[in-house]
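What follows is a single structure, written as structure tokens, with notes after it.
The values are calculated or read from the model by the stated rules, or taken from the named source; none is laboratory data. Everything numeric here is computed off the predicted structure, so don't read it as measured data. Positions of Cβ are generated from backbone atoms using ideal geometry, with glycine treated the same way; all protein chains shown enter the neighbour counts.
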Amino acid sequence: MDGGHETNRAYYDEFSKQYEAHRGDNAPRGYHNLLDSLESEYVRRFGEGREVLEVGCGTGLVLERIARFASKAKGIDLSPGMLEKARARGLDVVEGSATDLPFADESFDVTCSFKVLAHVRDIERALSEMARVTRVGGVVLAELYNPWSLRGLLRRLGPAQKVGEGTRESDVYTRFDSPRRARELTPAGCEFFDARGVRIVTPTAPLVSTPVVGDLLWRAEHALCDTPLRNLAGFYVAAYRKTR
């Protein structure tokens with residue numbers, strides 16, 4: 001989201017056509033549902049009964065989960081194609097950029113973003129915007145692609161996957177930021193205080209859908225997500241508390 005806006009908008013509009021082919025109800029015990037579960041459960045820790053914004057909400061699969069426990073759940077995304085599907089779910093979403101959020105200061109208790117900041121060149125600006133719209137005492141949850149993980153290694157060295165007709169993952173800007181870098185990226189007025197690891201022991205996505213092994217991976221990921229092994233996760237969710 002944001003590494004030319006027009007390029008990213010076109011990429012995600014194309015991606016939206018098949019985005020849910022292996023997600024949500026189409027794969028109830030699949031890899032992406034596992035990730036959505038771990039991410040939304042972490043939001044719930046800080047956002048139950050509170051007002052939550054998801055930056056880069058896509059088709060609303062995670063936002064839909066958030067809406068079940070938040071007093072208010074709002075989403076923003078750059079892609080009209082993605083937002084069309086989110087609105088079909090009855091979700092409260094608007095079009096906009098992560099680096100220029102169209103909300104007043106201190107509008108939300110929790111501001112979160114999953115699998116989006118890795119595609120933002122000016123990540124410092126995006127995090128600053130997320131902090132700006134978060135109330136003092138509230139929490140910013142920022143998911144980063146971790147280079148010190150098996151997934152990070154495979155993404156950087158393996159072939160780019162196809163996401164649409166004539167479109168591949170390599171067509172969009174992608175960055176990798178380590179757990180140490182996550183601390184360095186702490187927005188002004190905030191403090192880093194926690195983190196969660198997503199996809200720590202899962203070697204390949206298809207294994208999550210297999211009998212027995214899939215159940216073991218599901219349990220292992222939930223058991224390990226808040227342990228020191230989170231530093232080896234493919235997705236590292238940094239938690240910042242706004243202090244002023």
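Within the range 221-228, none of the residues are assigned to a strand (DSSP E or B), of a type in the set (A, V, I, L, M) and closer than 20 Å to Val43 by Cβ.
Checking each residue in the range 48-86 for being outside any loop (DSSP other than H, G, I, E, B), free of Cβ contacts under 8 Å to residues at least 40 places away in the same chain and of a type outside the set (A, V, I, L, M, F, W, C) picks out Glu64, Arg65, Lys72, Lys74, Gly75.
Checked against (1) within 30 Å of Ser107 (Cβ to Cβ); (2) among the basic types (Lys, Arg); (3) modelled with pLDDT under 95, Arg132 meets all criteria but (3).
What tally of residues in the range 193-223 results from selecting those that are touching a strand residue (DSSP E or B) at 6+ places or on another chain (Cβ under 7 Å), buried (at least 17 other Cβ atoms within 10 Å of the Cβ) and of a type outside the set (Gly, Ala, Ser)? Break it down into steps so the answer makes sense when it comes.
Of the residues in the range 193-223, the ones touching a strand residue (DSSP E or B) at 6+ places or on another chain (Cβ under 7 Å) are 193-199.
Checking the rest, the ones that are also buried (at least 17 other Cβ atoms within 10 Å of the Cβ) come to 195-199.
Still in the list and also of a type outside the set (Gly, Ala, Ser): 196, 198-199.
Matching residues across the range 193-223 total 3.
Run down Glu184, Glu221 and say which single residue is touching a residue at least 40 places away in the same chain (Cβ under 8 Å) and charged (D, E, K, R). Even if it seems obvious, please write down each step before you answer.
Details: Glu184 fails: touching a residue at least 40 places away in the same chain (Cβ under 8 Å).
That would be Glu221, the only listed residue that is touching a residue at least 40 places away in the same chain (Cβ under 8 Å) and charged (D, E, K, R).
Can you tell me which residue among Ala160, Ala126 is among the aliphatic types (A, V, I, L, M), touching an Asp or Glu at 6+ places or on another chain (Cβ under 9 Å) and modelled with pLDDT of 90 or more? Unique residue meeting the criteria: Ala126.
Okay, residues lined up against (1) buried (at least 24 other Cβ atoms within 10 Å of the Cβ); (2) farther than 23 Å from Glu184 by Cβ; (3) out of contact with any Pro (no Cβ under 9 Å at 6 or more places or on another chain); (4) not charged (D, E, K, R):
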position	(1), (2), (3), (4)
Ala73	yes, yes, yes, yes
Pro80	no, yes, yes, yes
Asp92	no, yes, yes, no
Leu101	no, no, yes, yes
Val110	yes, no, yes, yes
